[in-house]
Amino acid sequence: IIAVMKGAQIGFSSGVIEGGVGWIISQSPGNTLLLVGHEDLVKKTSTKVDKLIDACGIRDLIRSNTLRKRNNKSGDTDTRKDFAGGHLALGSANHKTIRQESYKYGFVDDFESMRTDSKESGDTTELVEQRFAAFATQMKLMYISTPELKESSNIEPVYLKGDQRKYHIPCPCCGEFIRLEWEVDAELEDIDKAGMYWELDESGKLVTESVGYMCYKCGDVFDDSNKMELLRYGEWWPTAEPT
C-alpha cells in the first residue's frame, strides 16, 4: 500500500497512474480499480486511458471477457476495459463503485475528495482495502492526493502510516543530502530555521536576486539554476517507521 501526498499539477496522473495502467494491461494483467474524485471526471479519465492504449499500441489487448446476447460485447466502455487476465474498472470515489469485485491493483486518485465514511458501508479506507484481500501477498494499492484541510484530510492519516519517505537532493554547497521544505529546523548553532530564503530592502520590498534555499546542514544559500542536476541525483529517504 503506497500513499502519495503530493503537490498539485506535477504530472503524477500521466506519469504514474496512466503509465501503470498500461503496464498492467500489457505486462502483468490483473483486475484493476481506478477511482477518481468525482463522477464528472470518469469519462475524462476513460478518454485519457483510451489515448494511452492507442499510443502504446495495445488496443488489440482490449477485448471482452464475456459475449452477451446479440453478440454485444461490453468490455470496452467508459467504466470498464476488459483484457486477457483481468479488467480495469473506472469509477468515482464512492462506496457503490467499490463493492462486489476483487482487485489485484488499485489507484485511488484525488483521495481527499472521497467521503471518509458512510452510515451504510463504514470506513472508506477499510472498504477499499477489503477489495484486495484475495490478493493479500500480491496486491498493489496506491492512494494519491494533494492535501487540503488538515482537520478533514483523508490522505494525511494514510501517509502517516507509512515510512513517510521524502525526496532528498545533494546540497550544491556542502554535498550533504537534504530535503526541500518551506521551513525546517537548522542543524547549526547560529541559525534556527532554514529552508526558503529571501531578503527585503529598506522599503520592505523583495530583493529578487536574494531568493534561494538555505541548507539546514551548512547554512549556505543556493538557487535553482542547476535544478535538473540536483533532482537527477536525488534519492527517496524514509523518515519514519511504518505502522
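The values are calculated or read from the model by the stated rules, or taken from the named source; none is laboratory data. Please read all numbers here as calculations on a predicted model, not as lab measurements. Quick reminder, even Gly has a Cβ in these numbers, built from the backbone with ideal geometry, and neighbours come from all protein chains shown. The accessibility values were calculated without ligands, DNA or RNA, using every heavy atom of the protein model including side chains. Shrake-Rupley method; radii C 1.70, N 1.55, O 1.52, S 1.80 Å.
A compact table of results
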item: Inter-site label distance for residue 126 and residue 60 at 7 Å from Cα along Cβ, in nm; result: 4.8
item: Around residue 146: net Lys/Arg minus Asp/Glu count, Cβ-Cβ under 12 Å; result: -4
item: Förster-model FRET efficiency, 30 Å R0, residue 185 and residue 9, C-beta, rounded to 0.05; result: 0.55
item: Separation of the residue 220 and residue 115 label points, Cα + 7 Å toward Cβ, nm; result: 5.5
item: Sorted peptide list for 178-190, 200-212, criterion being average Cβ within 10 angstrom, highest first; result: 178-190, 200-212
item: Answer label, with P(r) over Cα pairs in 10 Å bins from 0, in percent calculated from the coordinates and candidates (i) 7, 26, 32, 26, 9, 1; (ii) 7, 22, 24, 21, 15, 8, 3, 0; (iii) 7, 25, 28, 20, 14, 6, 2, 0; result: (iii)
item: Stretch gain in nm, segment residue 133-residue 241, where the contour uses 0.36 nm per residue and the Cα spacing is subtracted; result: 36.5 nm
item: The chain, accessible area per residue, ligands and nucleic acids excluded (1.4 Å, Å²); result: 61
item: Between helix 42-55 and the chain: long-axis angle, C-alpha atoms, 0 to 90°, nearest 10; result: 90
item: Protection proxy ranking of 135-141, 44-50 - average other beta-carbon atoms within 10 Å, highest first; result: 44-50, 135-141
item: Net +/- balance of residues flanking residue 132 in space, Cβ distance below 12 Å, scoring K and R +1, D and E -1; result: 0
item: Around residue 175: net Lys/Arg minus Asp/Glu count, Cβ-Cβ under 14 Å; result: -3
item: Which listed pairs, of 43/81; 48/227; 6/166; 6/150; 6/140, have C-alpha distances above 21 Å, in listed order; result: 48/227
